[in-house]
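Visitor: Could you have a look at this structure, given as structure tokens, before my questions?
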Amino acid sequence: MAVLQGRLVDRLEASGALTPGWRQAFLDVGRHLFLPDVVWASTSDGYERCDRTENPGRWLELAYSDVAIVTQWEDDADGGQREPTSSVSMPTMVASMLRDLDVHEGHTVWEGGTGPGWNAALLARRQGADAVVTVELDREVAAQAEANLRALDDAPTAVVGDAADGYPPRAPYDRGILTCSVREVPAAVIGQIRPQGVLVLPFAPLFGGGAVARLTAAGRTAEGPFTGSSAFMRMRQQRYQGPPVDDYLPGDWPGDAAQEYTTLSPLDVVDDWLASFVVGLAVPDAYYRRSDGDGMTTLWLFDTGVTSWATVDFVNGAERYEVRQSGPRRIWSEVEDIVRWWEKQGRPGFDRFGLTVDTDGGHRAWLDEPANPLPSVRG
Ligand SMILES: C[S@@+](CC[C@H](N)C(=O)[O-])C[C@H]1O[C@@H](n2cnc3c(N)ncnc32)[C@H](O)[C@@H]1O
């Protein structure tokens, strides 16, 4: 175990994700202590299920691999697995978010999204148990985390509750870290970080993509850059399904939508994590569904206000793609305009974008500096 753990820690340090100040905590707090017997490791081909009782060697290897490990699934109506709902996060992600958090001795820390408790245990190991409070919504997950954390010398305060409320009894905090993604930064959390304090969170717009935001609080606002790509499970109440297509288009397709064409491949947008992110920052209420066929894909685009829809047909090898748009908004045109703008800027990466949020729910995304907001593309 110690060999596997040491190897992982060395690799995290060599990559720059793990800063020297976190090394000892990563060596002291075993990741395997937070895993149940049956786990699903996230791989490039899907999920690898592993049962400790059947294959203890592989189970331990996965515990010290740089992969996220799913520990809870939401079941669908037939008892099948629908969506992962809790996990022990990927070590690179945990280390780099803790690096971004920039804790100093004596800092108090609030965490939203305890999961099985590994990140909270790392924080408590470094900051001291009394300095850390962590909040988990799911009772079953919280009970498991509580048991995992209780077994440690430095057990932080673990609370069952909604991370969107922060945790007022111990506020304000010097540092805040969310480990489930949001498309709207909860106002209560912003207000509970001390001025000049830091809030680190995975921001994932509805349209797609995601990146870690490192916001500096200033009373009723918080502002700062994105530091790099991320993919986290969403804060449960911010998941969005959208109404059926009939609510947008009561009759047969294409309704009143005229035929248009675009030279921008819709797959170059939705299959690109960064491009999707930029679209999501600029058009926060747009979302899509896709249906894939043999060499072709239809992308349906919608707004959450249920006013407008668009379709774009991708065909393999085509030079232009058919577009239909209906409603007061031209959703595809909005998407295309922001992608063209982004291309004109030289396709800036995640770390050139930033976000300003306020306790009234305002969200403003910018490029390079707050004075340079993303252009408005809403027609
Ligand atoms: C990726 S896991 C957290 C990983 C964890 N912090 C670790 O140590 O690796 C995300 C967790 O956020 C929790 N969550 C989702 N929505 C929440 C909410 N509104 N309030 C608190 N927890 C929430 C989920 O139940 C899940 O356990």
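Visitor: Can you find, among L122, G106, L35, the residue sitting farthest towards the positive end of the charge dipole of the stretch 2-179, where Lys and Arg contribute +1 and Asp and Glu -1 at Cβ?
Guide: So the residue we want is G106.
Visitor: Let me have the 222 nm mean residue ellipticity of the chain computed from DSSP H runs of 4+ only, each contributing -39500 (n - 2.57), with the sum over all residues rounded to the nearest 500.
Guide: -7500 deg cm²/dmol
Visitor: How big is the accessible area of E54 in square angstrom, nearest 10, if you roll a 1.4 angstrom probe over the protein chains?
Guide: 140
Visitor: Give, as ranges by residue number, the residues of the stretch 257-284 whose backbone N falls under 15 Å from the point 7 Å along Cα→Cβ of W341.
Guide: Zone members listed by number: 275-284.
Visitor: Between E105 and E13, how high is the FRET efficiency from 1/(1 + (r/R0)^6) when r is the Cβ-Cβ distance and R₀ = 22 Å? Nearest 0.05.
Guide: Here the calculated transfer efficiency is 0.60.
Visitor: To the nearest 20 debye, what charge dipole does the stretch 232-379 have about its Cα centre, counting +1 at the Cβ of each Lys and Arg and -1 at the Cβ of each Asp and Glu? Numbers along the way, then the final one.
Guide: Numbers: 15 positive and 24 negative charges, 72 e Å.
Result for the stretch 232-379 is approximately 340 debye, rounded to the nearest 20.
Visitor: Mind checking the dipole of the chain: about its Cα centre, +1 per Lys or Arg Cβ, -1 per Asp or Glu Cβ, Debye to the nearest 20?
Guide: Numbers: 34 positive and 55 negative charges, 203 e Å.
Roughly 980 debye, rounded to the nearest 20.
Visitor: For the chain, which whole-number percentage of the solvent-accessible area (1.4 Å probe, protein heavy atoms only) is attributable to carbon and sulfur atoms? Mind dumping the intermediate values first?
Guide: Details: 7870 of 16810 Å².
With neighbouring chains kept in place, the figure for the chain is 47 percent.
Visitor: Find how many whole Å separate the alpha carbon centroid of the stretch 331-379 from the alpha carbon centroid of the stretch 169-195.
Guide: Using only Cα atoms to place each centre, the spacing works out to 23 Å.
Visitor: How far apart, in nanometres, would the label points at A218 and L33 be if each is projected 7 angstrom from Cα along the Cα-to-Cβ direction?
Guide: Placing both labels 7 Å beyond Cα along the Cβ direction yields 4.1 nm.
Visitor: Report relative contact order for the chain in percent, whole number only (criteria: Cα-Cα under 8 Å, sequence separation at least 6).
Guide: 11
Visitor: How much accessible surface area, in Å² rounded to 10, belongs to the heavy atoms of S89 with a 1.4 Å probe?
Guide: Approximately 20 Å² for this residue.
Visitor: Top to bottom by accessible area (1.4 Å), largest first, where do M90, M235 land? All intermediate terms of the calculation are to be shown ahead of the outcome.
Guide: Values: M90 75, M235 5 Å².
From most accessible down to least: M90, M235.
Visitor: If packing is taken as the mean number of other Cβ atoms within 10 Å per residue, what is the order of 239-247, 150-158, highest first? It would help to have the intermediate numbers written out before the result.
Guide: Values: 239-247: 10.8, 150-158: 17.0.
Result, highest mean Cβ count within 10 Å first: 150-158, 239-247.
Visitor: Nearest 10 degrees, 0 to 90: what angle lies between the long axis of helix 91-101 and the longest principal axis of the chain (Cα atoms)?
Guide: 90
Visitor: Over the stretch 2-179, what is the mean sequence separation of C-alpha contacts under 8 Å (at least six apart), divided by residue count, expressed as relative contact order in percent?
Guide: On the way: 308 pairs, mean separation 34.4, N = 178.
After rounding, I find 19 percent.
Visitor: If we sort 122-132, 189-199 on the protection proxy, mean other Cβ atoms within 10 Å, highest first, what's the order? Walk me through the numbers on the way to the answer.
Guide: On the way: 122-132: 21.9, 189-199: 19.8.
Taking the mean over residues of other Cβ atoms within 10 Å, the ranking is 122-132, 189-199.
Visitor: Now for a separate question. Go through P244, Y261, T311 and say which Cα lies farthest out towards the positive end of the charge dipole of the stretch 185-316; charges sit on Cβ, +1 for Lys and Arg, -1 for Asp and Glu.
Guide: P244
Visitor: Hey, another quick one. With every protein chain left in place, what is the accessible area per residue of the chain in square angstrom, probe 1.4 Å? Please report the intermediate quantities before stating the final value.
Guide: Working: 16810 Å² over 379 residues.
Solvent-accessible surface per residue comes out at 44 Å².
The values are calculated or read from the model by the stated rules, or taken from the named source; none is laboratory data. Computed from a predicted structure; not experimentally measured. So basically every Cβ, Gly included, is an ideal-geometry build from the backbone, and we count neighbours across all protein chains shown. Side chains included, ligands, DNA and RNA excluded: accessible areas come from the protein's heavy atoms. Shrake-Rupley method; radii C 1.70, N 1.55, O 1.52, S 1.80 Å.
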